[in-house]
1. Can you work out which of the residues in the range 24-43 that are polar (S, T, N, Q) and open to solvent by less than 60 Å² (accessible area, probe 1.4 Å) is nearest to SER87 (Cα to Cα)?
2. Go through LEU46, LEU21 for me and flag whichever is surrounded by 14 or more Cβ atoms within 10 Å (Cβ to Cβ) and without any contact (Cβ under 8 Å) to a residue 60 or more places away in the chain.
3. Identify the single condition in (1) free of Cβ contacts under 8 Å to residues at least 24 places away in the same chain; (2) open to solvent by 100 Å² or more (accessible area, probe 1.4 Å); (3) touching a Leu at 6+ places or on another chain (Cβ under 7 Å); (4) of a type outside the set (Val, Ile, Thr) that LYS85 does not satisfy, given that it satisfies every other one.
4. So, in the range 7-29, how many residues would count as being outside any loop (DSSP other than H, G, I, E, B) and either closer than 21 Å to GLU69 by Cα or over 24 Å from the mean Cα position of the chain (by Cα) (or both)?
5. If you scan the range 30-54, which residues turn out to be among the small types (Gly, Ala, Ser) and within 9 Å of ALA68 (Cα to Cα)?
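The values are calculated or read from the model by the stated rules, or taken from the named source; none is laboratory data. This one's a predicted model, so the numbers in the text were calculated from it and none came from an experiment. With ideal geometry, Cβ positions are generated from the backbone for all residues, glycine too; neighbour counts draw on all protein chains shown. The protein model used for the area step is the full one, side chains on, heavy atoms only, and it has no ligands, DNA or RNA in it. Shrake-Rupley method; radii C 1.70, N 1.55, O 1.52, S 1.80 Å.
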Amino acid sequence: MTLTEMLAMPIGMDLMEYQNLLKEKQKLERQIRKASDTIFAEEDSLEILADEVGSEQYNKHLMNKQKAEAKREKAQAKLKQIADKLS
């Protein structure tokens, strides 16, 4: 934990709880970045396969994109809850 993070700790919050929230926040931010990268890669794949709409390969990339979007939305919701606790 940096000094800046320590000074930003909400009043009345336990130090261990604060550290755990910061770790969870970092974990969720990594998950969001990874899911976003997957989404962008799948969008590129879908653009390349645009003339094969409905094929097995196209549908596989479409499903991977949808799964990554759902995962990112779930992580963003959790991150918002943590941000609310930290403010």
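1. So the residue we want is SER36.
2. LEU46
3. That leaves (1) as the condition not met.
4. Looking only at that region, the number is 8.
5. ALA35, SER36
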